[in-house]
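K.L.:
The structure is given below, and queries will be raised subsequently.
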Amino acid sequence: MTTIAAQPAPRMLTREPLPAPRAGLPRYLRESALLVGRGLRTVTRVPERLSDVTIQPIVFTVLFLYVFGSAIHIPGMSYHDYLLPGLIAQSLVFGVIGAGVATATDSATGVVDRFKSLPITRLSVITAQIIGQMIEQVIGLSIVAGLGLALGWRPQLTIVTSFEVVGLVLLGLLAFTTFGVYLGMIVRTSDAIQGLGFAIVFPMAFLAGTFVPIAGMAAVPRTIGQYNPLSAIVAALRQVTQGTGSTGSWPLENPVVATVIYCTAIVAICLPLAVRRFRAAA
């Protein structure tokens, strides 16, 4: 009888498990920094992305200053000093559109899907988008402030109030950019974001006392303007830069405190919703 030699069992190739990424704050900060760098590099490849924070602020500043300025008289101050703090605040709220369009574009082109497949912290994706958009918006704010100074705006600032202005601006940028990122995750198309964004931004800007005093409006728009979050920011910047106060409602009479409350509430609501939306889609 022929015996058949037992064949040795095939050796199973085993792989060492990949090391788990380190959790915690260092990982979150590193991933956020890498994603912010990625977003800024796209600006150099697509420089027309900056048109909304370079060309648009110049057009708005010159147009509103010389069209409205020739017809509106503000008691006790020049229209330059009245308008420029409002235009700076308006630039903050326009961050809703820029952040929303950028987020929707990333979703439409598959960038967000790629991020979802990577073992990265979900919050770092949202944070990087917010920081990147804030950096772009700072360019537009610098243009508005610089052009305003060149055309006759004379803010009354000290070292303390200068830091106060910077803090208010950064807080406003954070709030409206966070809202824009969340809006871009919901709508997901850049065309729809632009239409919806302008529908939100323009009424806020014109009812915030940016161009004309709220006290002179009719009853309904005056009531809306008195409690408009942007109205508080406009009043706060005017109070800090020009030393002028506002009346009509608690937010207008305490604009700095109201700005902190409004902006903190927007971030506290929109940031968790954005992270939740990102995780649910993943």
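K.L.:
Would you please name the residue that is surrounded by the most Cβ atoms within 10 Å (Cβ to Cβ), looking only at residues in the stretch 191-221 that are assigned to a loop (DSSP other than H, G, I, E, B) and small (G, A, S)?
P.N.:
Selected residue: G209.
K.L.:
Could you check how many residues of the stretch 254-282 are within 18 Å of P85 (Cα to Cα) and either among the polar types (S, T, N, Q) or modelled with pLDDT under 90 (or both)?
P.N.:
Selection size over the stretch 254-282: 2.
K.L.:
Could you list, in sequence order, all residues of the stretch 254-272 that are in a helix (DSSP H, G or I) and surrounded by 15 or more Cβ atoms within 10 Å (Cβ to Cβ)?
P.N.:
Within the stretch 254-272, P255, V256, A258, T259, V260, Y262, C263, I266, V267, C270, L271 qualify.
K.L.:
Still on this structure, I have one more. Report yes if G69 is in contact with a helix residue (DSSP H, G or I) (Cβ under 7 Å, 6 or more places away or on another chain) and free of Cβ contacts under 8 Å to residues at least 40 places away in the same chain, otherwise no.
P.N.:
The answer is yes for G69.
K.L.:
Continuing with the same structure: Here is a list: T259, T241, T247. Which entry is among the β-branched types (V, I, T), within 21 Å of V169 (Cβ to Cβ) and over 19 Å from the mean Cα position of the chain (by Cα)? Before the answer, list the steps.
P.N.:
Values: T259 fails: over 19 Å from the mean Cα position of the chain (by Cα); T247 fails: within 21 Å of V169 (Cβ to Cβ).
Going through T259, T241, T247 in turn, just one is among the β-branched types (V, I, T), within 21 Å of V169 (Cβ to Cβ) and over 19 Å from the mean Cα position of the chain (by Cα): T241.
K.L.:
So, in the stretch 222-239, how many residues would count as being surrounded by fewer than 24 Cβ atoms within 10 Å (Cβ to Cβ) and without any contact (Cβ under 8 Å) to a residue 24 or more places away in the chain?
P.N.:
Qualifying residue count for the region: 3.
K.L.:
Evaluate the following for V53: is it at pLDDT below 80, in contact with a Leu (Cβ under 9 Å, 6 or more places away or on another chain) and either more than 17 Å from L147 (Cα to Cα) or of a type in the set (G, A, S) (or both)?
P.N.:
Considered against the rule, which asks whether it is at pLDDT below 80, in contact with a Leu (Cβ under 9 Å, 6 or more places away or on another chain) and either more than 17 Å from L147 (Cα to Cα) or of a type in the set (G, A, S) (or both), V53 comes out as no.
K.L.:
Okay, next question. Is there any pair with a first residue in the stretch 245-274 that is more than 17 Å from A208 (Cβ to Cβ) and a second that is among the aromatic types (F, W, Y) and modelled with pLDDT of 90 or more whose Cβ atoms are under 8 Å apart and which are 6 or more apart or on different chains, and what are they?
P.N.:
Going by the 8 Å Cβ cut-off, the qualifying pairs are C270/F179; C270/Y182; L271/Y182; L273/Y182; A274/Y182.
K.L.:
Still on this structure: Under 7 Å between Cβ atoms, at least 6 apart or on separate chains: pull out the pairs that start in the stretch 24-36 with a residue that is within 18 Å of M134 (Cα to Cα) and end on any residue that is of a type outside the set (D, E) and not in a helix (DSSP H, G or I).
P.N.:
So the pair list comes out as E31/I120; E31/T121.
K.L.:
So F176 ticks every box in (1) in a helix (DSSP H, G or I); (2) at pLDDT below 90; (3) under 19 Å from V234 (Cα atoms) but one. Which box is left unticked?
P.N.:
Evaluating F176 over (1) in a helix (DSSP H, G or I); (2) at pLDDT below 90; (3) under 19 Å from V234 (Cα atoms) leaves (2) as the failure.
K.L.:
Starting from residues that are out of contact with any Leu (no Cβ under 9 Å at 6 or more places or on another chain) and among the aliphatic types (A, V, I, L, M), keep the ones in the stretch 98-111 and report whichever is modelled with the lowest pLDDT.
P.N.:
Here the answer is V111.
The values are calculated or read from the model by the stated rules, or taken from the named source; none is laboratory data. Quick caveat: nothing in here was measured; it's all calculated off a predicted structure. Glycine gets a Cβ as well: all are built from the backbone with ideal geometry, and neighbour counts include every protein chain shown.
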